[in-house]
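The values are calculated or read from the model by the stated rules, or taken from the named source; none is laboratory data. These numbers come from a predicted model, not from an experiment. All Cβ positions, even for glycine, are placed from backbone atoms using ideal geometry, and neighbour counts span all protein chains on display. Heavy atoms of the whole protein, side chains included, go into the accessibility calculation; ligands, DNA and RNA do not. Shrake-Rupley method; radii C 1.70, N 1.55, O 1.52, S 1.80 Å.
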Amino acid sequence: MARSIVVLGSTGSIGTQTLEVAKWHRSDIKIVGLAAGRNIDVLEKQVRTWRPQIVGIAHPGAAGLFRDRVRDLDVEIVSGEDAASTVASCTTADLAVCAIVGIDGLMPTIRAIESGKTIALATKEALVAAGQIVMDKASRYGMEILPVDSEHSAIFQCLRGHDITSVRRLILTASGGPFVDLSKEEMEAVTVEEALRHPTWSMGAKVTIDSATLMNKALELIEARWLFGMDSHKIHAVIHRQSIVHSMVEFIDGSILAQLGSQDMRLAIQYALCFPNRARGFCDKIDLTEVGTLTFEEPDLQRFSALRLGYEALRAGGTLPCVLNSANEEAVGLFMSGQIGFCDIARLVEEAMLSHETLDGSSLDQVLTADLWAREYVRKQAGRIGR
Ligand code: MG
(Lines give C-alpha, C1' and ligand atoms only; values in the text may rest on other atoms or scores of the structure.)
Protein backbone atom coordinates (compact mmCIF):
# COMPACT_ATOMS: atom_id res chain seq x y z
CA MET A 1 0.00 0.00 0.00
CA ALA A 2 1.53 3.33 -1.03
CA ARG A 3 1.61 6.00 1.60
CA SER A 4 1.99 9.74 1.15
CA ILE A 5 3.64 11.37 4.10
CA VAL A 6 4.82 14.67 5.51
CA VAL A 7 7.80 14.74 7.85
CA LEU A 8 7.65 17.51 10.44
CA GLY A 9 11.13 18.05 11.86
CA SER A 10 12.81 16.43 8.86
CA THR A 11 16.40 17.52 9.60
CA GLY A 12 16.47 16.25 13.20
CA SER A 13 17.53 12.81 14.37
CA ILE A 14 14.11 11.14 13.93
CA GLY A 15 13.39 13.08 10.73
CA THR A 16 16.58 12.00 8.97
CA GLN A 17 16.10 8.40 10.11
CA THR A 18 12.51 8.52 8.86
CA LEU A 19 13.82 9.41 5.41
CA GLU A 20 16.29 6.50 5.58
CA VAL A 21 13.38 4.18 6.28
CA ALA A 22 11.38 5.82 3.48
CA LYS A 23 14.29 5.26 1.10
CA TRP A 24 14.33 1.59 1.98
CA HIS A 25 10.59 1.43 1.19
CA ARG A 26 10.80 3.85 -1.69
CA SER A 27 8.20 2.15 -3.86
CA ASP A 28 5.62 2.33 -1.04
CA ILE A 29 6.32 5.73 0.50
CA LYS A 30 6.03 9.11 -1.15
CA ILE A 31 7.29 12.24 0.63
CA VAL A 32 4.96 15.14 -0.14
CA GLY A 33 6.01 17.63 2.54
CA LEU A 34 8.98 18.43 4.77
CA ALA A 35 9.23 20.92 7.63
CA ALA A 36 12.42 22.00 9.36
CA GLY A 37 13.69 24.72 11.65
CA ARG A 38 16.77 26.28 10.08
CA ASN A 39 19.12 23.54 8.92
CA ILE A 40 18.88 24.36 5.23
CA ASP A 41 21.99 22.40 4.19
CA VAL A 42 20.43 19.10 5.17
CA LEU A 43 16.99 20.26 4.01
CA GLU A 44 18.25 21.12 0.53
CA LYS A 45 19.65 17.62 0.07
CA GLN A 46 16.37 16.14 1.26
CA VAL A 47 14.33 18.32 -1.09
CA ARG A 48 16.53 17.45 -4.08
CA THR A 49 16.25 13.76 -3.28
CA TRP A 50 12.56 13.59 -2.50
CA ARG A 51 11.04 16.47 -4.50
CA PRO A 52 8.21 17.23 -2.06
CA GLN A 53 5.39 19.60 -3.07
CA ILE A 54 5.73 21.76 0.02
CA VAL A 55 8.54 22.70 2.38
CA GLY A 56 8.20 24.62 5.64
CA ILE A 57 11.06 26.48 7.32
CA ALA A 58 10.44 28.03 10.73
CA HIS A 59 13.31 30.51 10.65
CA PRO A 60 12.41 33.37 8.24
CA GLY A 61 16.05 34.26 7.44
CA ALA A 62 16.89 30.65 6.64
CA ALA A 63 13.77 30.43 4.47
CA GLY A 64 14.95 33.40 2.39
CA LEU A 65 18.34 31.79 1.79
CA PHE A 66 16.68 28.49 1.00
CA ARG A 67 14.41 30.07 -1.64
CA ASP A 68 17.48 31.30 -3.50
CA ARG A 69 19.13 27.91 -3.39
CA VAL A 70 16.23 25.94 -4.86
CA ARG A 71 15.06 28.37 -7.55
CA ASP A 72 15.47 25.57 -10.09
CA LEU A 73 12.90 23.39 -8.31
CA ASP A 74 9.13 23.45 -8.43
CA VAL A 75 8.37 23.49 -4.71
CA GLU A 76 6.13 25.63 -2.52
CA ILE A 77 8.07 27.15 0.38
CA VAL A 78 6.33 28.47 3.49
CA SER A 79 8.09 30.13 6.39
CA GLY A 80 7.56 31.46 9.89
CA GLU A 81 6.32 29.92 13.10
CA ASP A 82 3.24 28.39 11.43
CA ALA A 83 5.27 26.80 8.62
CA ALA A 84 5.20 23.30 10.12
CA SER A 85 1.45 23.59 10.74
CA THR A 86 0.92 24.56 7.09
CA VAL A 87 2.91 21.53 5.94
CA ALA A 88 0.98 19.41 8.48
CA SER A 89 -2.29 20.49 6.83
CA CYS A 90 -1.16 19.52 3.31
CA THR A 91 -4.12 17.66 1.83
CA THR A 92 -2.25 15.20 -0.37
CA ALA A 93 -0.64 13.31 2.53
CA ASP A 94 -2.31 10.60 4.60
CA LEU A 95 0.29 10.29 7.35
CA ALA A 96 2.34 12.83 9.29
CA VAL A 97 5.55 11.95 11.07
CA CYS A 98 5.61 14.43 13.96
CA ALA A 99 9.24 14.72 15.00
CA ILE A 100 9.66 18.34 16.02
CA VAL A 101 11.40 18.42 19.40
CA GLY A 102 9.48 19.95 22.27
CA ILE A 103 6.19 21.75 22.64
CA ASP A 104 6.81 23.44 19.27
CA GLY A 105 5.55 20.15 17.85
CA LEU A 106 2.13 20.47 19.50
CA MET A 107 0.25 22.73 17.07
CA PRO A 108 1.55 21.00 13.92
CA THR A 109 0.43 17.66 15.43
CA ILE A 110 -3.05 19.04 16.08
CA ARG A 111 -3.24 20.48 12.56
CA ALA A 112 -2.21 17.15 11.06
CA ILE A 113 -5.00 15.38 12.96
CA GLU A 114 -7.55 18.01 11.92
CA SER A 115 -6.60 17.58 8.28
CA GLY A 116 -7.24 13.85 8.44
CA LYS A 117 -3.82 12.29 8.83
CA THR A 118 -2.68 9.27 10.72
CA ILE A 119 0.00 10.44 13.14
CA ALA A 120 3.36 8.74 13.62
CA LEU A 121 4.28 10.52 16.83
CA ALA A 122 7.83 11.08 17.99
CA THR A 123 7.12 14.42 19.68
CA LYS A 124 6.35 13.02 23.12
CA GLU A 125 6.19 16.55 24.52
CA ALA A 126 2.89 17.13 22.67
CA LEU A 127 1.23 14.33 24.64
CA VAL A 128 2.91 15.26 27.90
CA ALA A 129 1.76 18.87 27.71
CA ALA A 130 -1.64 18.39 26.09
CA GLY A 131 -2.41 14.67 26.13
CA GLN A 132 -6.12 15.00 26.72
CA ILE A 133 -6.53 17.59 23.97
CA VAL A 134 -4.50 15.65 21.40
CA MET A 135 -6.21 12.32 22.15
CA ASP A 136 -9.70 13.92 22.09
CA LYS A 137 -8.88 15.47 18.71
CA ALA A 138 -7.65 12.16 17.37
CA SER A 139 -10.79 10.35 18.44
CA ARG A 140 -13.08 13.13 17.16
CA TYR A 141 -11.41 13.01 13.73
CA GLY A 142 -11.06 9.21 13.80
CA MET A 143 -7.30 9.39 13.39
CA GLU A 144 -4.88 6.85 14.77
CA ILE A 145 -1.77 7.89 16.69
CA LEU A 146 1.06 5.44 16.12
CA PRO A 147 3.99 5.70 18.53
CA VAL A 148 7.49 6.27 17.19
CA ASP A 149 9.13 6.30 20.62
CA SER A 150 10.82 2.88 20.95
CA GLU A 151 9.26 2.09 24.36
CA HIS A 152 5.77 2.96 23.22
CA SER A 153 6.20 1.15 19.94
CA ALA A 154 7.12 -1.92 22.01
CA ILE A 155 4.05 -1.59 24.22
CA PHE A 156 1.85 -0.91 21.18
CA GLN A 157 3.12 -4.14 19.60
CA CYS A 158 2.62 -6.16 22.82
CA LEU A 159 -0.92 -4.85 23.22
CA ARG A 160 -2.10 -5.87 19.77
CA GLY A 161 -4.89 -8.38 20.02
CA HIS A 162 -5.37 -7.69 23.74
CA ASP A 163 -8.08 -5.79 25.52
CA ILE A 164 -6.74 -2.92 27.60
CA THR A 165 -8.79 -4.18 30.58
CA SER A 166 -6.59 -7.30 30.69
CA VAL A 167 -3.49 -5.20 31.40
CA ARG A 168 -2.11 -5.00 34.92
CA ARG A 169 0.92 -2.79 34.24
CA LEU A 170 2.90 -1.15 31.48
CA ILE A 171 6.61 -1.49 32.20
CA LEU A 172 8.82 1.01 30.38
CA THR A 173 12.51 0.22 30.23
CA ALA A 174 15.19 2.87 30.72
CA SER A 175 18.87 2.36 29.95
CA GLY A 176 19.70 4.54 32.94
CA GLY A 177 21.81 6.83 30.79
CA PRO A 178 25.51 7.55 31.26
CA PHE A 179 25.25 8.44 34.97
CA VAL A 180 23.29 5.47 36.28
CA ASP A 181 26.07 4.59 38.75
CA LEU A 182 27.14 8.09 39.80
CA SER A 183 26.51 9.42 43.29
CA LYS A 184 24.42 12.56 43.72
CA GLU A 185 27.64 14.51 44.44
CA GLU A 186 29.35 13.22 41.28
CA MET A 187 26.29 14.13 39.26
CA GLU A 188 26.52 17.78 40.34
CA ALA A 189 29.79 18.10 38.41
CA VAL A 190 28.64 16.52 35.15
CA THR A 191 29.50 18.51 31.99
CA VAL A 192 27.43 19.03 28.84
CA GLU A 193 29.83 16.82 26.85
CA GLU A 194 29.50 13.97 29.36
CA ALA A 195 25.71 14.26 29.34
CA LEU A 196 25.63 14.09 25.55
CA ARG A 197 27.42 10.72 25.52
CA HIS A 198 24.65 8.15 25.72
CA PRO A 199 25.76 4.54 26.33
CA THR A 200 23.27 2.71 24.11
CA TRP A 201 21.13 4.98 21.90
CA SER A 202 22.10 7.57 19.30
CA MET A 203 19.58 10.42 19.49
CA GLY A 204 19.15 14.18 19.23
CA ALA A 205 20.72 16.46 21.85
CA LYS A 206 17.59 17.30 23.85
CA VAL A 207 16.45 13.71 24.30
CA THR A 208 20.02 12.65 25.13
CA ILE A 209 20.19 15.16 28.00
CA ASP A 210 16.71 14.02 29.06
CA SER A 211 17.96 10.43 29.06
CA ALA A 212 20.86 11.39 31.33
CA THR A 213 18.55 13.00 33.91
CA LEU A 214 15.91 10.27 33.36
CA MET A 215 13.49 13.10 32.54
CA ASN A 216 13.01 11.29 29.24
CA LYS A 217 11.49 8.37 31.14
CA ALA A 218 9.41 10.79 33.20
CA LEU A 219 7.96 12.23 29.98
CA GLU A 220 7.44 8.73 28.60
CA LEU A 221 5.37 7.62 31.60
CA ILE A 222 2.95 10.46 30.81
CA GLU A 223 3.13 9.76 27.07
CA ALA A 224 2.10 6.15 27.78
CA ARG A 225 -0.80 7.25 29.95
CA TRP A 226 -2.36 9.08 26.99
CA LEU A 227 -1.35 6.82 24.12
CA PHE A 228 -2.81 3.73 25.75
CA GLY A 229 -5.50 5.33 27.93
CA MET A 230 -3.90 3.70 30.96
CA ASP A 231 -4.54 4.53 34.63
CA SER A 232 -1.54 6.43 35.94
CA HIS A 233 -0.87 3.97 38.78
CA LYS A 234 -0.44 1.15 36.24
CA ILE A 235 2.60 2.68 34.52
CA HIS A 236 6.11 1.92 35.76
CA ALA A 237 9.72 2.34 34.72
CA VAL A 238 12.60 -0.09 35.30
CA ILE A 239 16.30 0.29 34.60
CA HIS A 240 17.40 -2.12 31.88
CA ARG A 241 20.98 -1.25 30.99
CA GLN A 242 21.23 -3.29 27.81
CA SER A 243 18.33 -1.50 26.02
CA ILE A 244 17.41 -4.76 24.30
CA VAL A 245 13.95 -5.14 25.83
CA HIS A 246 12.28 -2.00 24.53
CA SER A 247 9.37 -2.25 27.00
CA MET A 248 6.85 -4.73 28.38
CA VAL A 249 3.20 -5.29 29.21
CA GLU A 250 2.16 -7.29 32.27
CA PHE A 251 -1.32 -8.83 32.02
CA ILE A 252 -3.77 -9.71 34.79
CA ASP A 253 -2.92 -13.41 34.51
CA GLY A 254 0.70 -12.62 35.39
CA SER A 255 2.07 -13.05 31.86
CA ILE A 256 4.52 -10.45 30.63
CA LEU A 257 4.96 -9.75 26.92
CA ALA A 258 8.03 -7.87 25.76
CA GLN A 259 9.36 -6.58 22.47
CA LEU A 260 13.10 -6.95 21.94
CA GLY A 261 15.31 -5.53 19.25
CA SER A 262 18.48 -3.68 18.39
CA GLN A 263 19.04 -0.14 19.68
CA ASP A 264 17.96 1.44 16.46
CA MET A 265 15.19 4.02 16.25
CA ARG A 266 14.52 3.03 12.65
CA LEU A 267 12.87 -0.13 13.92
CA ALA A 268 10.10 1.86 15.65
CA ILE A 269 9.89 4.33 12.76
CA GLN A 270 9.45 1.53 10.23
CA TYR A 271 6.83 -0.18 12.34
CA ALA A 272 4.76 3.02 12.39
CA LEU A 273 5.24 3.79 8.68
CA CYS A 274 4.34 0.27 7.56
CA PHE A 275 1.62 -0.40 10.15
CA PRO A 276 -0.38 -2.65 10.22
CA ASN A 277 2.12 -4.64 8.20
CA ARG A 278 5.46 -5.88 9.46
CA ALA A 279 7.97 -5.16 6.72
CA ARG A 280 11.38 -6.61 6.03
CA GLY A 281 13.88 -4.57 8.03
CA PHE A 282 17.35 -3.28 7.41
CA CYS A 283 18.29 -2.82 11.08
CA ASP A 284 20.88 -5.07 12.69
CA LYS A 285 19.50 -8.30 14.05
CA ILE A 286 20.31 -9.04 17.66
CA ASP A 287 21.92 -12.26 18.76
CA LEU A 288 20.69 -12.90 22.28
CA THR A 289 23.49 -15.38 22.92
CA GLU A 290 25.92 -12.52 22.33
CA VAL A 291 23.95 -10.20 24.60
CA GLY A 292 24.05 -12.97 27.21
CA THR A 293 22.52 -11.22 30.18
CA LEU A 294 19.48 -9.00 30.52
CA THR A 295 19.16 -7.14 33.83
CA PHE A 296 16.33 -5.18 35.42
CA GLU A 297 16.65 -2.84 38.39
CA GLU A 298 14.40 -0.53 40.35
CA PRO A 299 15.34 3.10 39.51
CA ASP A 300 16.71 5.24 42.35
CA LEU A 301 14.22 8.09 42.68
CA GLN A 302 16.43 9.90 45.17
CA ARG A 303 19.34 10.28 42.77
CA PHE A 304 17.14 10.66 39.72
CA SER A 305 14.63 13.15 41.04
CA ALA A 306 13.42 13.93 37.49
CA LEU A 307 11.81 10.49 37.39
CA ARG A 308 10.17 11.06 40.78
CA LEU A 309 8.78 14.34 39.42
CA GLY A 310 7.49 12.44 36.41
CA TYR A 311 5.48 10.10 38.64
CA GLU A 312 4.14 13.08 40.57
CA ALA A 313 3.06 14.92 37.41
CA LEU A 314 1.58 11.71 35.98
CA ARG A 315 -0.59 11.19 39.07
CA ALA A 316 -1.57 14.85 39.49
CA GLY A 317 -2.48 15.37 35.81
CA GLY A 318 -4.02 18.64 34.61
CA THR A 319 -1.51 21.31 33.64
CA LEU A 320 1.23 19.91 35.91
CA PRO A 321 2.74 17.61 33.23
CA CYS A 322 2.88 20.62 30.91
CA VAL A 323 4.83 22.53 33.56
CA LEU A 324 7.15 19.55 34.07
CA ASN A 325 7.82 19.48 30.34
CA SER A 326 8.15 23.19 29.66
CA ALA A 327 10.29 23.85 32.73
CA ASN A 328 12.51 20.99 31.61
CA GLU A 329 12.80 22.24 28.02
CA GLU A 330 13.86 25.63 29.32
CA ALA A 331 16.26 24.18 31.90
CA VAL A 332 17.89 21.83 29.38
CA GLY A 333 18.52 24.84 27.12
CA LEU A 334 20.14 26.70 30.02
CA PHE A 335 22.28 23.66 30.89
CA MET A 336 23.44 23.22 27.29
CA SER A 337 24.47 26.86 27.12
CA GLY A 338 26.42 26.51 30.37
CA GLN A 339 24.19 28.70 32.52
CA ILE A 340 23.15 26.09 35.07
CA GLY A 341 24.52 22.77 36.34
CA PHE A 342 23.25 19.31 35.48
CA CYS A 343 21.39 18.79 38.76
CA ASP A 344 19.86 22.26 38.52
CA ILE A 345 17.65 20.93 35.70
CA ALA A 346 15.51 18.75 37.97
CA ARG A 347 15.81 21.28 40.80
CA LEU A 348 14.31 24.04 38.67
CA VAL A 349 11.61 21.74 37.33
CA GLU A 350 10.63 20.79 40.87
CA GLU A 351 10.49 24.42 41.99
CA ALA A 352 8.28 25.27 39.02
CA MET A 353 5.95 22.36 39.79
CA LEU A 354 5.68 23.38 43.44
CA SER A 355 4.88 27.00 42.52
CA HIS A 356 2.34 26.14 39.84
CA GLU A 357 -1.39 26.37 40.46
CA THR A 358 -2.60 23.32 38.57
CA LEU A 359 -5.66 23.61 36.32
CA ASP A 360 -7.49 20.69 34.71
CA GLY A 361 -5.63 21.03 31.40
CA SER A 362 -8.76 20.64 29.30
CA SER A 363 -8.20 23.68 27.07
CA LEU A 364 -5.35 24.59 24.78
CA ASP A 365 -5.40 28.04 26.32
CA GLN A 366 -4.64 26.61 29.77
CA VAL A 367 -1.81 24.52 28.37
CA LEU A 368 -0.18 27.34 26.42
CA THR A 369 -0.47 29.68 29.41
CA ALA A 370 1.12 27.07 31.72
CA ASP A 371 3.89 26.57 29.13
CA LEU A 372 4.79 30.25 29.05
CA TRP A 373 4.52 30.57 32.81
CA ALA A 374 6.88 27.61 33.43
CA ARG A 375 9.53 28.91 31.01
CA GLU A 376 9.42 32.37 32.50
CA TYR A 377 9.62 30.93 36.01
CA VAL A 378 12.67 28.79 35.18
CA ARG A 379 14.50 31.67 33.49
CA LYS A 380 13.91 33.88 36.53
CA GLN A 381 14.99 31.24 39.02
CA ALA A 382 18.04 30.34 36.95
CA GLY A 383 19.10 33.98 36.99
CA ARG A 384 18.91 33.74 40.78
CA ILE A 385 21.25 30.69 40.78
CA GLY A 386 23.58 32.98 38.82
CA ARG A 387 26.33 30.75 37.49
MG1 MG B 1 12.08 6.49 24.14
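Observations on the structure shown:
- At R0 = 30 Å, FRET efficiency that the Cβ-Cβ distance of THR92 and LEU372 yields, to 0.05: 0.30
- For the chain, the 222 nm mean residue ellipticity estimated from helices alone, with every DSSP H stretch of n ≥ 4 adding -39500 (n - 2.57) and the total spread over all residues, rounds to -14500 deg cm²/dmol.
- Under 5 Å, built H, 5+ apart or other chain: amide partners of LYS30: ARG3, SER4, ILE5
- Between the alpha-carbon centres of the range 268-328 and the range 340-383 there is a gap of 23 Å.
- Across LYS184/LYS234; LYS217/LYS380; LYS137/LYS184, pairs whose alpha-carbon gap is larger than 31 Å: LYS137/LYS184
- In order through the range 219-233: 3J(HN,Hα) via Karplus (6.51 cos²θ - 1.76 cosθ + 1.60), integer Hz, x for Gly, Pro: 5, 5, 4, 6, 4, 5, 4, 7, 4, 10, x, 9, 4, 5, 6
- Each Lys or Arg adds one and each Asp or Glu takes one away; over the other residues whose Cβ falls under 13 Å from the Cβ of THR319, this sums to -4.
- Straight-distance crosslink candidates among lysines, where the alpha carbon sits under 24 Å from LYS23 and sequence neighbours closer than 8 are dropped: LYS45, LYS117, LYS285
- Cα gyration tensor shape of the range 318-387, rounded if a/c is under 1.5, else prolate or oblate by comparing a/b with b/c: prolate
- Shape call, the chain: gyration tensor on alpha carbons, a/c limit 1.5: rounded
- Nitroxide proxy distance, nm - points 7 Å out along Cα→Cβ at HIS162 and SER183: 4.1
- Largest to smallest in accessible area, the residues SER243, SER255 fall in the order SER255, SER243 (1.4 Å probe, all protein chains included).
- Chain lengthening between ARG67 and GLU20 when straightened (0.36 nm per residue, less Cα-Cα): 14.4 nm
- This model, with +1 at the C-beta of Lys and Arg and -1 at the C-beta of Asp and Glu, gives the range 140-215 a dipole about its Cα centre of some 480 debye.
- Protection proxy ranking of 355-368, 118-131 - average other beta-carbon atoms within 10 Å, highest first: 118-131, 355-368
- Loop sites in the range 263-332: chymotrypsin sites (Phe, Trp or Tyr not before Pro), DSSP, at most 15 other Cβ within 10 Å: PHE282, PHE296
- ³J(HN,Hα) computed for each position of the range 48-57 - Karplus, 6.51 cos²θ - 1.76 cosθ + 1.60, integer Hz, glycine/proline x: 5, 6, 9, 6, x, 6, 9, 10, x, 10
- Packing here is the average count of other Cβ atoms within 10 Å per residue, and on that basis the peptides 109-116, 26-33, highest first, run 109-116, 26-33.
- Chain lengthening between THR293 and GLN339 when straightened (0.36 nm per residue, less Cα-Cα): 12.6 nm
- Whole-Å distance, taken between Cα centres, linking the range 149-218 and the range 27-71: 31
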